[in-house]
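Read through the structure below, which is laid out as structure tokens, and then see the notes.
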Amino acid sequence: MNKKIIIIPIAFILVISIVSLSSEESSSKNKVQFHITLADPNLYVNGIYSEKFTFEKGEYFFRFVPNGSSPKILSIIISGNSFDYSENFELIGTSHQTGISEYYTWDYDGRKNILVSETQEVLISINPNGETKGSVSVDILEN
């Protein structure tokens, strides 16, 4: 009986430790390299949002948090000394039917993967193509 009392807490602590370590590994895999939530038309200068940041060497991907009022076409250009990326992302709505209602989920379709061959300062320009009133969050995450 005493062995069970000792073994159960030790097993519990081991399980918690393993879960904690695995969640830390998964969160470090998706390190945020760039983030902006474009929800205010005043963030744009001449209809375009621009920002400089340092891109570390590595593989990255875009993640978006759009909604139905987000820009229909989101044009993104990233340029640096030895790096150029350009893509026109198209907003796609997917209808979901439940028994009593219909709702949509939204995502941008386009080339989301980026490969950076060397660390460098880059300029990202995000053009909502005239639709500055809809909100969208743009993340670039490390693979």
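General remarks:
- Residue match in region 115-127 (condition: of a type in the set (Gly, Ala, Ser), at pLDDT 95 or above, open to solvent by less than 50 Å² (accessible area, probe 1.4 Å) and closer than 19 Å to Gly68 by Cβ): no
- Selection count where residues are assigned to a loop (DSSP other than H, G, I, E, B) and either buried (at least 16 other Cβ atoms within 10 Å of the Cβ) or at pLDDT 95 or above (or both), scope region 84-111: 2
The values are calculated or read from the model by the stated rules, or taken from the named source; none is laboratory data. Quick caveat: nothing in here was measured; it's all calculated off a predicted structure. Note that we place each Cβ from the backbone using ideal geometry, even for glycine, and neighbour counts take in every protein chain shown. Heads up: the accessible areas ignore ligands, DNA and RNA and are worked out on the full protein's heavy atoms, side chains in. Shrake-Rupley method; radii C 1.70, N 1.55, O 1.52, S 1.80 Å.
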